[in-house]
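Right, one structure below, let's go through it.
The values are calculated or read from the model by the stated rules, or taken from the named source; none is laboratory data. Since this is a predicted model, take the numbers as computed values, not measurements. Positions of Cβ are generated from backbone atoms using ideal geometry, with glycine treated the same way; all protein chains shown enter the neighbour counts. The protein model used for the area step is the full one, side chains on, heavy atoms only, and it has no ligands, DNA or RNA in it. Shrake-Rupley method; radii C 1.70, N 1.55, O 1.52, S 1.80 Å.
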Amino acid sequence: MADRQDETGWRFGPVSGPDMAEWCAFLRDDNAIHLRREAAEAAGFGPRRVNPGPANLAYVISAVMAAHPQAEFVEIAAFFAGNVFEDDRLAVALTPEPGATLHAEGRETPVLRVQFRFKEHE
């Protein structure tokens, strides 16, 4: 799922309208802000469609799974602090808790912070 990995983490994007539509179909989410620019603008988000939150979490989980292919998730706690918009480029950075952050290019504050607990193997 990652477009590429570099020294700072995993990169995704740009997030596209057709990708959002696929996620909406999969999630059975018919919220118009994900599907139509005019609906996003009317709702106060500006002229770009808003990516569904579960899709944003999927970017993070994908990066964590790439970094820890043998890990089994026991718990995932996500704090959604912002939105991902159509045409955003994204970066996932792992944190030591273990956790990760999702940043949209050009924004200093993460749009998503995630903490994980993995199954301990004996």
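Here's how it looks for Phe118: its modeled amide H is under 5 Å from those of Val74, which are all 5 or more places away or on a different chain. Note on percent of Cα pairs over 23 Å apart: of the candidates (1) 49; (2) 31; (3) 35, the value calculated from this structure sits at (2). Considering only the other residues whose Cβ falls under 14 Å of the Cβ of Val114, what net charge follows from Lys and Arg at +1 and Asp and Glu at -1? So the environment of Val114 carries a net charge of 0. Accessible surface for the chain, divided over its residues, is 60 Å² per residue with a 1.4 Å probe. Surface composition of the chain: carbon and sulfur make up 50 percent of the accessible area, probe 1.4 Å. Quick check: the angle from helix 53-67's long axis to the longest principal axis of the chain, C-alpha only, nearest 10 degrees? Compared with the principal axis, the helix lies near 30 degrees. Protein-only accessible surface at a 1.4 angstrom probe places the residues Val74, Val60 in the order Val74, Val60, largest first. The slack in the chain from Asp30 to Glu105, taken as 0.36 nm per residue of separation less the alpha-carbon distance, amounts to 24.3 nm. Pick out which of Ile76, Ile61, Ile33 has the largest mean-square fluctuation in a Gaussian network model of the chain, springs linking Cα atoms closer than 10 Å. Its mean-square fluctuation being the largest, the pick is Ile76. What the phi angles of the range 98-112 give under the Karplus curve with 6.51, -1.76 and 1.60, with θ = phi - 60°, is a coupling list of x, x, 7, 10, 10, 10, 8, 3, x, 10, 6, 8, x, 8, 8 Hz, glycine and proline written as x. Using heavy atoms of the protein chains and a probe of 1.4 Å, the accessible area assigned to Glu75 is about 90 Å². Computed with every protein chain present, the accessible area of Arg117 is close to 130 Å² [probe 1.4 Å]. Relative to the longest principal axis of the chain, what angle (0 to 90°, nearest 10) does the C-alpha long axis of helix 17-27 take? With rounding to tens, the tilt is 70 degrees.
Extension gain for His68-Ser16 works out to 16.0 nm (0.36 nm per residue, less the C-alpha to C-alpha distance). Placing +1 on the Cβ of every Lys and Arg and -1 on the Cβ of every Asp and Glu, with no other charges, gives the range 3-118 a dipole of roughly 100 debye about its Cα centre.
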